[in-house]
Every structure is written in structure tokens, then in C-alpha cells.
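The values are calculated or read from the model by the stated rules, or taken from the named source; none is laboratory data. This is a predicted model, so every value here is computed, not measured. Reconstructed Cβ throughout: ideal geometry from the backbone, glycine too, with neighbour counts over all protein chains shown. For the accessible areas, the whole protein counts, side chains as well, though only heavy atoms, and no ligand, DNA or RNA atoms are used. Shrake-Rupley method; radii C 1.70, N 1.55, O 1.52, S 1.80 Å.
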Amino acid sequence: MFWKLPPRIKIYEALGAIADGRVEVMENTAKVYSSSKKKVYIVEFDPSNNAITANDNGSYYQGYLGYPAIAFLLVKQIISYNKTVLPWLRDIPWKDINTKFKNDFEKTEQYVRELVVGRKGDLKVLDEDIHDIETAIFELSLEKLPSNRKPPEGY
């Protein structure tokens with residue numbers, strides 16, 4: 001069974017997690033902290049089977065590759081990314097924004113893009129990076145690594 005492609009905003013969130021230093025990688029596992037730093041997601045990767053799992057809500061309930069797994073793949077350089085974009089996505093309260101827009105990811109993305117412009121970020125560079133990461137996720141065809149680890153509770 002393969003992962004569904006994530007909503008684009010999850011790539012922004014993964015880059016934001018890296019920018020904030022919220023990704024701790026140990027070999028083929030990782031702890032990824034939420035933007036509130038009150039929840040910890042666990043990522044497990046099996047390179048021999050090209051399989052990955054994470055216990056964020058999107059991965060667990062929706063079946064798409066969530067931002068913790070994407071962040072892991074980026075930090076491990078399994079997928080390359082443009083480090084130039086990181087300062088533009090630092091210190092973004094993702095949970096608050098997603099709640100504000102009732103998990104309407106298109107509205108969240110538009111809001112974050114306005115933040116990036118306000119931070120003097122280059123949307124063309126960001127768009128190219130997001131597209132390249134999306135393409136790499138698609139081409140990896142990652143399988144779901146079996147796991148029964150439920151998402152953490154709290155904010």
C-alpha cells in the first residue's frame with residue numbers, strides 16, 4: 001500500500017519544522033516536534049523496503065504522507081531542497097493558522113505565502129522548491145510501513 005500525495009501545505013510545514021530545528025533524526029527514525037512544541041511525532045523509515053510511517057493526523061487518519069515524514073526525508077537528503085527558503089518559513093504557528101482557517105489548506109497556503117512576501121521571500125524560488133519536492137515524493141513511491149502508533153493528543 002502506497003502513501004497518497006500530501007496537500008502542498010504539508011511541504012511548507014515540513015520546511016518550517018526544519019527551519020525551526022524541530023526535527024531530530026536518529027538513523028532511520030526521527031522525532032518531529034509540532035509548532036507548539038507540545039506534541040512529538042515519530043517517524044520510522046525502512047530503506048530496504050522503501051517504506052515509511054509517521055503518527056501525525058494526516059498520515060494516520062487521511063493516508064497521505066504527513067509533514068513529519070516529509071521533514072525526515074528532507075533532513076536525511078533522500079529528497080533535496082533549497083535551504084534558501086528556510087528563513088521565510090521559520091516560526092510559523094501552523095496549528096493556530098490551520099485552526100483559524102478550519103483546515104482549509106488553500107487558505108492556509110495563501111496566508112503563509114503572504115507571510116513569505118512580508119519576510120522578503122521570493123515566491124518563485126519557493127514555488128520551484130515546493131514543486132521539486134512534490135515531484136520527488138511522487139517519484140519515490142513510498143510504501144506505508146505498518147504501524148499502530150496513534151497520533152499524540154494535545155495542542
Taking the criterion of being over 15 Å from the mean Cα position of the chain (by Cα), over 23 Å from residue 54 (Cβ atoms), open to solvent by 60 Å² or more (accessible area, probe 1.4 Å) and among the aromatic types (Phe, Trp, Tyr), would at least one residue in segment 109-125 satisfy it? yes
Limited to segment 21-48, what total is found for residues that are under 23 Å from residue 112 (Cβ atoms), assigned to a loop (DSSP other than H, G, I, E, B), open to solvent by 40 Å² or more (accessible area, probe 1.4 Å) and touching a residue at least 12 places away in the same chain (Cβ under 8 Å)? 2
Looking at segment 124-141, can you tell me whether even one residue there is in contact (Cβ under 8 Å) with a residue 24 or more places away in the chain, among the polar types (S, T, N, Q) and touching an Asp or Glu at 6+ places or on another chain (Cβ under 8 Å)? no
Residues located in segment 70-90, provided they are without any contact (Cβ under 8 Å) to a residue 60 or more places away in the chain and aliphatic (A, V, I, L, M): 71, 75
Given the condition under 19 Å from residue 146 (Cβ atoms) and either open to solvent by less than 10 Å² (accessible area, probe 1.4 Å) or modelled with pLDDT of 95 or more (or both), answer yes or no: does some residue in segment 3-14 qualify? yes
Would you call residue 75 open to solvent by less than 50 Å² (accessible area, probe 1.4 Å), of a type outside the set (Lys, Arg) and more than 15 Å from residue 134 (Cα to Cα)? no
By residue number, the members of segment 86-108 that are among the polar types (S, T, N, Q) and open to solvent by 50 Å² or more (accessible area, probe 1.4 Å) are 99, 103
Residue 59 being hydroxyl-bearing (Ser, Thr, Tyr) and modelled with pLDDT under 95: no
Are any residues in segment 53-66 open to solvent by 20 Å² or more (accessible area, probe 1.4 Å) and hydroxyl-bearing (Ser, Thr, Tyr), and if so, which ones? 60, 61, 64
For residue 138, all conditions in the list (1) exposed (fewer than 13 other Cβ atoms within 10 Å of the Cβ); (2) assigned to a helix (DSSP H, G or I); (3) touching a helix residue (DSSP H, G or I) at 6+ places or on another chain (Cβ under 9 Å) hold save one; what is the number of the exception? (3)
